Amino acid sequence: MTPEDQKARNQRNLAIAGSVVLFIVLVYGVTVLRISAAAG
Amino acid sequence: MSSTTDISASALPPHPEKRGPAPAAGPEAYLALLKPRVMSLVIFTAAVGMVAAYAAGAYLHPGLALVSLLAIAVGAGASGALNMWWDADIDAVMARTANRPVPRGQVPRPEAAGFGGALSALSVALLALSSNYLAAGLLAFTIFFYVIVYSMWLKRLTAQNIVIGGAAGALPPVVAWAAVSGDMPVAAWILFAIIFLWTPPHFWALALYKEGDYARAGIPMLPNVAGHDATRRQILIYSVLLALSGIAPVAVGMGGFVYLAVAVLMGGYFVKLAVDLLRADKNDKGPAKKLFAYSIVYLFGIFAAVLVEDLVVLAAPFIS
C-alpha cells in the first residue's frame with residue numbers, strides 16, 4: 001500500500017466514523033423531538 | 001442515425017488502463033458517487049414541496065422536516081451510487097461519464113453497490129423515523145423505480161427510457177409533501193407533473209448534441225433511434241405540455257399572480273426555444289445546447305416562484 005493509499009484509507013475511515021456518529025445523533029435527536037411532540 | 005455521429009475509435013475516451021493509475025479513493029470519490037449536482041436539485045424541489053405543504057396548512061416540527069429533507073437527499077444520492085454501480089460499463093465509454101469513480105477504477109463496483117444499498121436502507125429508515133411511513137415508502141419506491149425500473153430495465157431497452165424513468169426524478173416534492181402532511185394531495189402531483197414533463201425535453205436536448213456518446217454506449221436515446229426531426233417534434237410537444245402544466249399551480253392556489261406571470265413568461269420562452277430547435281439546421285448544435293441550458297433555468301425559476309409565493313403566505317400572519 002502506497003502512502004497515498006494509506007492516507008486515502010485513513011480519510012475514508014474518518015468519514016465513515018463521522019457519518020455513523022451523525023446518524024446516531026440524528027436518530028437520537030429525532031426520537032427526542034417525537035417523544036416531546038407526543039408528550040406536549 | 002445522424003451522419004454527424006462520431007463513433008470512431010478516436011472519439012473514445014482512453015481506456016482506464018491507458019489513463020494511468022487512478023488516484024486512491026478518498027471520501028470525495030464516494031461523495032461523487034452520490035451525484036451531488038442531482039442531489040442539489042432534489043433538495044431544492046423537495047424543499048419547495050415541503051414549504052408548499054406548510055403553506056397548505058400541514059405541520060411537522062421544523063427540526064424533523066430538516067432531517068426528512070436530509071433523508072430524501074441521501075436517498076437520491078444512494079440511487080445515484082446504485083446507478084453508477086449498474087452502469088459502470090456504459091459510463092466507461094461515454095466521454096461525459098468516463099471520469100466517474102467506478103469507470104475510472106477509483107471505487108470497485110461491489111463497493112459502489114454496497115455504499116448505495118446501505119445508504120438507501122438508512123435513508124428510508126431515517127425518513128420513517130423523522131416523518132411517517134407513507135413518505136418512507138414513497139422514498140423506497142423512488143429508489144426502486146430509478147435503479148430497477150429505469151437503470152436496469154428501461155435505459156438500455158427503449159427510447160422512451162427517460163420519459164418513464166423521469167417519474168423517479170419527479171417524485172421528491174411528493175415525498176417531501178407526504179413527509180410534512182402524511183398525505184399526497186393534487187397540488188403535490190402538480191409539482192410531480194412539472195418535473196415529469198420537463199425531463200424529456202431536458203434530456204433529449206442533451207442527447208441531440210451528445211448523440212455520439214449515447215450511440216457508442218448503445219443507449220437507445222430518441223435521437224439515435226428515431227432521428228433528429230422526430231426528436232425535435234417530441235421536444236416541442238413536451239415543451240407545450242410543460243408550459244401548460246407550469247400554469248396548473250395557480251388552479252390549486254399554490255401560486256398567485258406573480259407566479260402566473262413567471263410561469264407564462266418562462267413557459268412561453270421554453271416553447272419558443274423548442275420551435276427554434278425544430279426550425280434549426282440539422283447540424284447546428286447551438287439551439288439544442290441553448291434549450292438544455294435554459295431548461296435548468298426554467299425548472300429553478302418555476303420552483304423558486306412557488307417557493308417565494310408560499311413563503312409570503314407563511315410570513316403573512318407575522319407581517320400583518
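FYI, it's all coordinate maths here, none of it is from the lab. Please read all numbers here as calculations on a predicted model, not as lab measurements. Backbone-built Cβ (ideal geometry, glycine too); neighbour counts: all protein chains shown.
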Along the charge dipole of the range B:41-198, Cβ charges K/R +1 and D/E -1, which of B:Phe44, B:Gly57, B:Trp198 sits furthest on the positive end?
B:Trp198
Taking a virtual spin label 7 Å from the Cα of A:Thr2 along the C-beta vector, which residues in the range B:77-117 bring their backbone nitrogen under 17 Å of it?
B:104-108
With a Förster radius of 25 Å, plug the Cβ-Cβ distance of B:Ala315 and B:Leu244 into 1/(1 + (r/R0)^6) and report the FRET value to the nearest 0.05.
0.25
On a C-alpha basis, how far is the centre of the range B:49-71 from the centre of the range B:158-181 in Å? Whole number, if you could?
18
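For the pair B:Asp183 and B:Asn99, what calculated FRET efficiency results from E = 1/(1 + (r/R0)^6), where r is the Cβ-Cβ distance and R0 = 56 Å, to the nearest 0.05? Present the calculation step by step, with values, prior to reporting the outcome.
Values: r = 42 Å, r/R0 = 0.76.
My answer for the efficiency is 0.85.
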Highest-MSF residue in chain B out of B:Pro249, B:Pro27, B:Pro173 [GNM, Cα springs under 10 Å]
B:Pro27
What helix-only [θ] at 222 nm does chain A give? Using -39500 (n - 2.57) per DSSP H run of at least 4, over all residues, to the nearest 500, the answer is -34000 deg cm²/dmol
Taking the Cα atoms of the protein assembly as shown, what is the range of coordinates along each of the three principal axes, in descending order and whole Å?
68, 58, 31
What are the ³J(HN,Hα) couplings of the range B:202-216, residue after residue, when phi is run through the Karplus curve with 6.51, -1.76, 1.60 and θ = phi - 60°? Round to Hz, x for glycine and proline.
5, 7, 6, 4, 4, 5, 5, 10, 10, 4, x, 4, 5, 5, 4
Given the C-alpha centroids of the range B:190-256 and the range B:78-146, what is the distance between them in whole angstrom?
24
Rough spin-label spacing in nm, given labels placed 7 Å along Cα→Cβ, for B:Asn283 and A:Leu22:
5.0
Once you keep just the Cα pairs under 8 angstrom separated by 6 or more residues, what percentage relative contact order results for chain B?
20
For n ≥ 4 DSSP H runs only, could you compute -39500 (n - 2.57) per run for chain B, divide by its residues and tell me the 222 nm figure to the nearest 500?
-23500 deg cm²/dmol
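Could you tell me which of rounded, prolate or oblate describes chain B, using a ≥ b ≥ c as the square roots of the eigenvalues of the alpha-carbon gyration tensor, with rounded for a/c under 1.5 and, failing that, prolate when a/b is larger than b/c and oblate otherwise?
On the way: a/c = 2.30, a/b = 1.23, b/c = 1.87.
In terms of gyration-tensor shape, oblate.
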Dipole of the protein assembly as shown, Cα-centred, from +1 at each Lys and Arg C-beta and -1 at each Asp and Glu C-beta, to the nearest 20 debye?
460
